[in-house]
Amino acid sequence: MFEIIAVIAGYILKATWLMLPAYIANPTAVVFGGGTPIDFGKNWKDGRRIFGDGKTFRGLIGGTICGIIIGLIQMQVPPQFSLGAFTFSAIVALSFGALLGDVIKSFFKRRLGLERGAKFLLVDQLDFVAGAWVLAYIVEPKWFTDNFTFGIIITVIILTPILHRLTNIIGYYIKLKKEPW
Ligand code: CTP
Ligand code: MG
């Protein structure tokens, strides 16, 4: 029993460590967000917004920079204490990819006729994971496949919606987010 708990805890720690730049980029986009929307307020052919007012340059850039800062701090951790090595390209890809995934998600939400802030179960929770992984795989394929083993991928997919829910509930109560999701 103890061994099983130790193995699961190990997976959770490693998954969190590897995803940290993306896990930081996503909520800090909410903190720094506001101002000019990425679609400049323009509509798509269907008459609905391209991305909507919830996707701004400030959020995209502020969140990416915060994710990169965390990654740079993680890169300073000595190997004997580190849960996995990063490259600079990998941390940029994880941070920017996370927020790119979030923007692309909003594009599809608008095409489905969902208003800004509408709930989109699991997609709202995993959009940024998909974006981070796709960009990291494109930029650093060997780093990605060496670190994101099958077990780590499964752990991230289970862990992320739980962490996402918790941070959004906190964000809602400290009045950073309009909806608790
Ligand atoms: N935000 C931002 N820029 C981004 C991402 C997020 O400014 N690139 C800010 C916006 O203020 C946004 C808030 O963070 O309203 C919450 O982000 P999110 O839940 O991703 O956006 P929603 O408002 O729910 O919009 P959507 O329905 O398009 O997901
Ligand atoms: Mg939302």
Query raised in the report: Residues of the stretch 95-150 being of a type in the set (Gly, Ala, Ser) and touching a residue at least 12 places away in the same chain (Cβ under 8 Å), which ones?
Result: Ser95, Gly97, Ala98, Gly101, Ser106, Gly113, Gly117, Ala130, Gly131, Ala132, Ala136
Query raised in the report: Do you know which residues across the stretch 108-133 are over 22 Å from Ile68 (Cα atoms) and either more than 14 Å from ligand 2 (Cβ to nearest atom) or aliphatic (A, V, I, L, M) (or both)?
Result: Arg111, Leu112, Gly113, Leu114, Ala118, Leu121, Leu122, Val123
Query raised in the report: Considering Met1, Met75, Met19, which residue is at pLDDT below 95 and either more than 16 Å from ligand 2 (Cβ to nearest atom) or at positive phi (or both)?
Result: Met1
Report summary line: Considering the stretch 47-63, residues that are in a loop (DSSP other than H, G, I, E, B) and open to solvent by less than 70 Å² (accessible area, probe 1.4 Å), and then whichever is farthest from Lys105 (Cα to Cα), we arrive at Gly47
Report task. Residues that are open to solvent by less than 70 Å² (accessible area, probe 1.4 Å), within 16 Å of ligand 1 (Cβ to nearest atom) and within 26 Å of Lys42 (Cα to Cα): find the helices (runs of 4 or more DSSP H) completely inside the stretch 70-180 holding 1 or more of those. Result -> 88-111, 123-139
Query raised in the report: Quick one: which of Thr56, Thr36, Thr87 is out of contact with any Ser or Thr (no Cβ under 7 Å at 6 or more places or on another chain) and not aliphatic (A, V, I, L, M)?
Result: Thr87
Query raised in the report: Out of (1) at pLDDT 95 or above; (2) out of contact with any Ser or Thr (no Cβ under 9 Å at 6 or more places or on another chain), the odd one out for Gly171 is which?
Result: (1)
Query raised in the report: If we scan the stretch 34-45, do we find a residue that is surrounded by fewer than 19 Cβ atoms within 10 Å (Cβ to Cβ) and within 14 Å of ligand 2 (Cβ to nearest atom)?
Result: no
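The values are calculated or read from the model by the stated rules, or taken from the named source; none is laboratory data. Keep in mind that what you see is a predicted model, and the values were worked out from it rather than measured. Cβ coordinates were reconstructed from backbone atoms using ideal geometry, including for glycine residues, and neighbour counts include every protein chain displayed. These accessible areas exclude ligands, DNA and RNA; they are computed on the full protein's heavy atoms, side chains included. Shrake-Rupley method; radii C 1.70, N 1.55, O 1.52, S 1.80 Å.
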